[in-house]
Amino acid sequence: MNPQVTGQPTVIRTLPHLHQRAQAELLPDVWAYIDAGAGAEATRTDNESAFTQWQVLPRLLSGVTTVDTATSFLGIELAAPLMTAPIGCDRLLHPTGQTAVVTATTSRSTVAVVAEASATSLEDVAAAATGPKIMQVHAQGAVSEFLALAERARAAGYAALCVTIDCPVLGWRERLRRLSITVDPAHFSGNHTDGRFATALLGESGSAWTWDTLADAAERLPLPLVVKGVLTASDARRALECGARSVIVSNHGGRQLDSVPATLDQLPEILDAVDGRAPVGIDGGFRTGLDVFKALALGADVVLLGRPVAMGMALDGAHGVEQVLDLFTAELRRTMVLAGCARISDINADLLRRRT
Ligand code: FNR
């Protein structure tokens, strides 16, 4: 928990202001837990800088007076093509944790991807707000236990199951090790009655899961499957072969294997491989509405926000997350007017050029 949070409403004026306030006001350990990547943090940095490789070619005098950011994902209506990424260990950041996130996504008519590794059970998170939610689970442990969790998610009203495939063991979080920051397993254990999940996640050995395990589990899944952590065309194809209804291009915000490529750089080859068969989401390094615009122009269907949502939640619970969603949406709207796009479907690759 972050005892510096005073109960006073926090005003976040811009997204860089969010970053600045979070760094200045959160406890150093909380800030480090949110901000740190794995290893030398090359991927974390590359995720953010990948956006500068793209420049916008606006459609001027397009007569666009107002814009509509509405879209949908797996049949769920979204007010904007933004969802919240799963944030585990959430109550380390703020006492309300993921209940704050689902409260905010409900009030802003979007979708939260709720993390398995939480101190709060998926049922309690679901009960906190009525809006649509997707449950995230790790590709690890016995398939029977995985399916039991999926069934609990179905019963609690979750719309899909998002399986994270890039976390067979936690990444080598250099910065957290240097600062001697360790996480109490209780922060991971709200969905599990024994300590096996936390022990596996915090342990040294990798998950025994393979694509065959995923295919086997997917056949018996009571919910649509979303695969998160895809970074190559071949893995996108494999995910679809397993029955995935969507893939999320993600490197876990550079928190897992360092030196993997930036997600934005991998997006085009994954879109080619998916070839319109499923919606493609992406996360990693999105810090402005303009970043969101660029990913949509390259062909992504939806963007997931990780650290900005974690910072908003840590600073001010649901109110903080609402402000983060509002700022991304407002900036995206402004970018759309300036670039001459009235609807999300008007945003396409003609509006981008690669920096020379
Ligand atoms: C995460 N992420 C994550 N992903 C996941 O699949 N399960 C999890 O439990 C967590 N936990 C988590 C905690 C914190 C504090 C952060 C910052 C991130 C990764 C997250 O869902 C997403 O992939 C990245 O955060 C996206 O990159 P950005 O937006 O943080 O740059």
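The values are calculated or read from the model by the stated rules, or taken from the named source; none is laboratory data. From a predicted model like this one, the values you see are computed outputs, not experimental measurements. Cβ atoms come from the backbone with ideal geometry, glycine included; neighbour counts cover every protein chain shown. These accessible areas exclude ligands, DNA and RNA; they are computed on the full protein's heavy atoms, side chains included. Shrake-Rupley method; radii C 1.70, N 1.55, O 1.52, S 1.80 Å.
Of all residue pairs spaced 6 or more apart or on separate chains, those with beta-carbon atoms under 8 Å, a first member in the range 79-90 that is more than 16 Å from A300 (Cα to Cα) and open to solvent by 10 Å² or more (accessible area, probe 1.4 Å) and a second member that is near the ligand (Cβ under 8 Å from one of its atoms) and among the polar types (S, T, N, Q) are P86/Q136; P86/T164; G88/S118.
Return the residue satisfying two criteria in turn: it lies in the range 250-263 and is more than 11 Å from the ligand (Cβ to nearest atom) and closer than 19 Å to A239 by Cβ, and of such residues it is least open to solvent (accessible area, probe 1.4 Å). Step by step, filter the range 250-263, then rank; the result is V260. Selection of the range 122-178 for residues being of a type in the set (S, T, Y) and open to solvent by less than 20 Å² (accessible area, probe 1.4 Å) yields Y158, T164. Residues of the range 12-61 that are open to solvent by 70 Å² or more (accessible area, probe 1.4 Å) and part of a loop (DSSP other than H, G, I, E, B): R13, A40, L57, R59, L60, L61.
Scanning for something open to solvent by less than 10 Å² (accessible area, probe 1.4 Å), among the β-branched types (V, I, T) and over 26 Å from A156 (Cα atoms), does the range 231-246 turn up at least one residue? No, the range 231-246 contains no residue that is open to solvent by less than 10 Å² (accessible area, probe 1.4 Å), among the β-branched types (V, I, T) and over 26 Å from A156 (Cα atoms). Of everything listed in (1) closer than 24 Å to T105 by Cα; (2) open to solvent by 10 Å² or more (accessible area, probe 1.4 Å); (3) part of a helix (DSSP H, G or I), the single unmet condition for M336 is (2). Within the range 198-230, restricting attention to residues that are of a type in the set (V, I, T) and over 19 Å from A159 (Cβ atoms), the residue that is surrounded by the most Cβ atoms within 10 Å (Cβ to Cβ) is V230.
Looking only at the range 145-183, how many residues end up being of a type outside the set (K, R) and free of Cβ contacts under 8 Å to residues at least 40 places away in the same chain? Summing the residues that are of a type outside the set (K, R) and free of Cβ contacts under 8 Å to residues at least 40 places away in the same chain in the range 145-183 gives 8. Annotation: of all residues in the range 272-297 being in contact with an Asp or Glu (Cβ under 8 Å, 6 or more places away or on another chain), open to solvent by less than 20 Å² (accessible area, probe 1.4 Å) and of a type outside the set (A, V, I, L, M), the one that is nearest to the ligand (Cβ to nearest atom) is G285. If you go through the range 324-346 and keep only what is farther than 26 Å from R245 by Cα and away from the ligand (no atom under 16 Å from the Cβ), you end up with D326, A330, R333, R334, T335, M336, V337, L338, A339, G340, C341, A342.
Taken together, the residues in the range 81-130 that are outside any helix (DSSP H, G or I) and either under 13 Å from the mean Cα position of the chain (by Cα) or within 16 Å of the ligand (Cβ to nearest atom) (or both) amount to 24.
Checked against (1) free of Cβ contacts under 8 Å to residues at least 12 places away in the same chain; (2) at positive phi, G254 passes all but a single condition, namely (1). One residue stands out in the range 33-57 among those that are of a type in the set (D, E, K, R) and more than 9 Å from the ligand (Cβ to nearest atom): the one that is nearest to F293 (Cα to Cα), namely D46.
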